[in-house]
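The structure appears below as structure tokens.
The numbers here are math on the coordinates, done by the rules we state, and not lab data. All values derive from a computational prediction rather than experimental measurement. Note: ideal-geometry Cβ built from the backbone for every residue, glycine included; neighbour counts use all protein chains shown.
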Amino acid sequence: MGNINSSSIQYTVNSNWYTSASVNMFYTYNTTLYLDLDGTTSNSGWQDIRVDGTIFNRTSASYTSSIDRWNWNNITVPFGNNVSHDIVITDDGQLQSSGVTIPFGQTSGAIDMNNLRNFYGEPSWGSSMISMSDLFRGGNLVPDRSANSAVPTSGAIAMNDFYGNETYLMIEKQPTLKSYFGGFGGGSGTAVLTWNIATNPNSQSDIDVGYKALKSVCEYRWVINVTNTSGDALYPQIIYNGTNTNNPSMPHTTVWSGDPTLTIEVDHGVQTGSIAGTAYFEVRKIWNGTTYSETSSSAFWSVIIETAGE
């Protein structure tokens, strides 16, 4: 989905996002987002669309019944051609149904700013600084949910506005495929595959977790497996949380860490061959003695080393 020089770029999308609706096209033109449905009516039942971290609700869209089209005007989502976006359509108005709700758990008494930072996330990854202006509803820390309705979107905030609040843990971007292809080069070489997370609450890298800044106060671990090898022996080295594990038994599960960066390295000399496998991550947040967790889908990774001229 996306636009190039104000021309609409249309892509057929998977109809199983909401099983009662057959989706024809999902596209943008200038600053308008369009959703074309097939064989449905205005009361077809779907409620919300989430594109990456941005929510579009049916009640804020205009509707053209003759072509069963919904559109949202003046959008700010940075669509781009040949760019992958995470899209969810729900039928109940709760876009977080595929994630897990985490209650703040305090309904009376004094609230500590550090407690709010540890709950919602760090405004700047790795920083202990937080101010009241970081805590407006719909910003990078506090989701715009009904349980958080007492928190204003601007103006003065009172600490008791956070009584009964909640956030949610959701995998916003699944791990991306990683591959390496090269020649043996006459003696030495290293294939490097790395998955990173963006530290900016509104940016994405190879993986992403929400809500927005919540990813800065979660723990992560990876499960790596080798599913196929051919040719000369190639061995993976797993680099995670400052530890290098050379050729571990598979599947290999890392330790929990606040930094989800994973690197798989494969050293090769004059060997020619291939090694391939999968990797997925788990994310958890422990709050008030309860563990809330989500598991990503598996990403395929591969390293292929060939002789020159092949």
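Quick notes on this one:
- Cα gyration tensor category, rounded, prolate or oblate, for the stretch 98-170 with a/c compared to 1.5: rounded
- For the stretch 232-309, averaging the sequence separation of C-alpha pairs within contact (under 8 Å, six or more residues apart) and dividing by the residue count gives a relative contact order of 29 percent.
- By other beta-carbon atoms within 10 Å, ranking PHE136, PHE181, PHE162, PHE119 with the fewest at the front produces PHE181, PHE136, PHE162, PHE119.
- Counting other Cβ atoms within 10 Å as a rough exposure proxy, the listed residues VAL266, VAL223 run VAL223, VAL266 from fewest neighbours to most.
- Shown for LYS215, LYS178: other C-beta atoms within 10 Å of each C-beta, ranked fewest to most, produce the order LYS178, LYS215.
- Available extension along the chain between THR199 and GLN271 is 22.2 nm, counting 0.36 nm per residue and deducting the alpha carbon span.
- Distance between the pseudo-spin-label points of ASN288 and PHE181 (7 Å out from Cα toward the beta carbon): 5.2 nm.
- Centre separation in Å (Cα based) which lies between the stretch 233-254 and the stretch 280-307: 15 Å
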